[in-house]
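Everything on this sheet refers to the single structure shown next.
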Amino acid sequence: MHSYTNNSCYKEKNDYLEGLLNSQSQFILREDTLGIYLTDFGDKTQILQTKKDFIRVHGLPENCVGFSEMTKLSPRELFKLYMDTMQENYAFRDVRNLNWKVLFEQYKDSISTHGEALFKTMGKIATLTKDQHTKVISKTGEALQYRVTPSAEIVREAFGEQSEIEDRNTFFNTFFATNYRNISDSLLQGKGQKVANDKIEWGPLNQNIGYINIFSFAGYLDKEFTRKQQIDSLNVIMQDIIATFEYKDVIIIDISFNFGGYDATALTIASYFTDVPVLSHTSQVFHSGSFYDEDEVMVHPAESKTFTKPVYVLMTDISRSAAEGFVMMMGALPNVQLVGTNTLGTLSGMLGKSIGDFYTTYSNQKLVDPHGRSFEASGVPPDIKLSVFKKEAIFQSHKNTVNHMIKMIEESKNGR
């Protein structure tokens with residue numbers, strides 16, 4: 001693999017991606033085009049992920065260098081490479097109100113002769129995007145990126161207005177732990193089941209309403225298992241859930257605390273809530289000022305029983321990345337209503353590039369719904385707007401929101 005800009009070309013180093021290509025990927029060759037599905041899901045390979053098409057070229061550019069040669073460039077040269085890469089691959093300059101030339105001129109003189117200054121300056125640029133999928137990572141794993149979210153600001157304000165917990169990190173940990181406990185002990189009244197490495201918790205809210213909390217779209221099995229095995233395991237779990245909820249009138253799917261994961265996982269879960277294929281969105285990729293259609297993302301019905309009665313998806317701005325893709329998938333289904341607040345607005349996949357000894361990521365993918373809308377930066381909006389996290393009841397407001405939804409659903413059912 002090689003990375004390139006209009007002014008450079010170098011051998012890339014990406015152990016994670018090379019590992020997928022050499023162990024789990026599926027390849028399709030058509031004349032001069034190589035289509036790559038990064039994970040082999042057996043007969044589900046083509047419906048659980050977008051295909052990456054690569055066009056044959058006659059050869060590498062004349063100025064192409066090896067990876068070690070690229071890392072030996074001066075900090076100023078590497079900063080120029082970083083800004084060139086950002087300009088040619090970052091898809092949301094206009095949405096995020098960025099001007100690469102102005103930023104380059106503003107920060108080029110802050111680069112000294114050592115790597116720490118380069119790291120901090122590249123991190124400053126990444127932070128200015130206000131995009132949590134755009135980051136700079138050091139050899140030690142330190143990541144510089146934008147981290148602010150509306151919900152985190154609400155929790156910070158609640159911390160500042162109390163005195164019982166003195167440490168802010170402890171307060172945040174208490175916020176998550178209490179809300180998770182509320183789901184198990186209060187909403188599900190101890191009758192729920194935790195499955196998929198505790199990434200999913202489900203059970204009845206009452207006689208008529210089933211509840212599924214999806215905490216993540218990854219990590220359903222330990223790391224030694226393949227992605228296909230993760231999907232196979234997830235299908236067994238979902239079949240059990242749907243069979244149990246078959247006689248429920250409504251299901252609430254809660255992704256209020258979901259930080260993302262894999263699209264294949266999101267598509268697999270969504271497949272249990274439709275009986276016909278439905279177009280969710282089109283994936284587009286950005287390069288040098290233009291977007292190119294990559295692939296259509298369809299929600300195909302699961303092969304076993306599906307639930308097509310009313311479904312409500314509860315979401316917040318904690319819901320990000322693959323969780324936002326899941327919202328688009330579910331929102332495309334006619335039996336689904338989205339409830340809560342806008343998602344975070346970081347829907348793009350992450351394009352990884354090595355810059356010197358640092359690893360960098362860029363949002364270069366746009367998800368466009370059938371109406372031509374993209375929700376990068378703004379987040380996917382709900383059909384029914386409800387505030388989920390409230391400063392004055394920060395440890396109880398999520399639970400209160402779910403209980404409000406239960407009341408809303410029951411009143412709707414009774415025609416009130």
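Tell me the residue from Met315, Met350, Met298 that is crowded, with 24+ Cβ neighbours inside 10 Å and not aromatic (Phe, Trp, Tyr), please.
Details: Met350 fails: crowded, with 24+ Cβ neighbours inside 10 Å; Met298 fails: crowded, with 24+ Cβ neighbours inside 10 Å.
Checking each option against the conditions leaves just Met315.
Count of the range 54-96 residues, restricted to those that are surrounded by fewer than 12 Cβ atoms within 10 Å (Cβ to Cβ), touching a residue at least 24 places away in the same chain (Cβ under 8 Å) and in a helix (DSSP H, G or I), is 1.
Note on the range 346-396: residues that are out of contact with any Leu (no Cβ under 7 Å at 6 or more places or on another chain), of a type in the set (Asp, Glu) and part of a loop (DSSP other than H, G, I, E, B) amount to 2.
Can you tell which of Asn63, Asn89, Asn99 is at pLDDT 95 or above and farther than 20 Å from Met350 by Cβ? Walk me through it before giving the result.
Values: Asn63 fails: at pLDDT 95 or above; Asn89 fails: farther than 20 Å from Met350 by Cβ.
After ruling out the rest, the residue left standing is Asn99.
Can you name every residue in the range 200-221 that is farther than 26 Å from Phe176 by Cβ and touching a residue at least 12 places away in the same chain (Cβ under 8 Å)? So that I can check it myself, show each step before the final result.
Start the filter on the range 200-221 by keeping residues that are farther than 26 Å from Phe176 by Cβ, which leaves 207-208.
The answer is Asn208, and nothing else.
If you go through the range 222-235 and keep only what is without any contact (Cβ under 8 Å) to a residue 24 or more places away in the chain and within 11 Å of Thr268 (Cβ to Cβ), you end up with just Asp232. Only one of the numbered conditions (1) touching a residue at least 60 places away in the same chain (Cβ under 8 Å); (2) assigned to a helix (DSSP H, G or I); (3) buried (at least 17 other Cβ atoms within 10 Å of the Cβ) is violated by Phe159, and that is (1).
Within the range 195-203, can one find any residue that is among the charged types (D, E, K, R) and either more than 25 Å from Ser321 (Cβ to Cβ) or touching a Lys or Arg at 6+ places or on another chain (Cβ under 8 Å) (or both)? Lay out the reasoning, then the answer.
Taking the range 195-203 first, the residues among the charged types (D, E, K, R) are 198-199, 201.
Now drop any that are not either more than 25 Å from Ser321 (Cβ to Cβ) or touching a Lys or Arg at 6+ places or on another chain (Cβ under 8 Å) (or both), which leaves 201.
For the range 195-203, residues among the charged types (D, E, K, R) and either more than 25 Å from Ser321 (Cβ to Cβ) or touching a Lys or Arg at 6+ places or on another chain (Cβ under 8 Å) (or both): present.
Among the residues of the range 1-22 satisfying the criterion of being under 23 Å from the mean Cα position of the chain (by Cα) and not acidic (Asp, Glu), which is surrounded by the fewest Cβ atoms within 10 Å (Cβ to Cβ)?
For the range 1-22, the residue satisfying everything is Tyr16.
The values are calculated or read from the model by the stated rules, or taken from the named source; none is laboratory data. Source: prediction; values computed, not measured. Cβ coordinates were reconstructed from backbone atoms using ideal geometry, including for glycine residues, and neighbour counts include every protein chain displayed.
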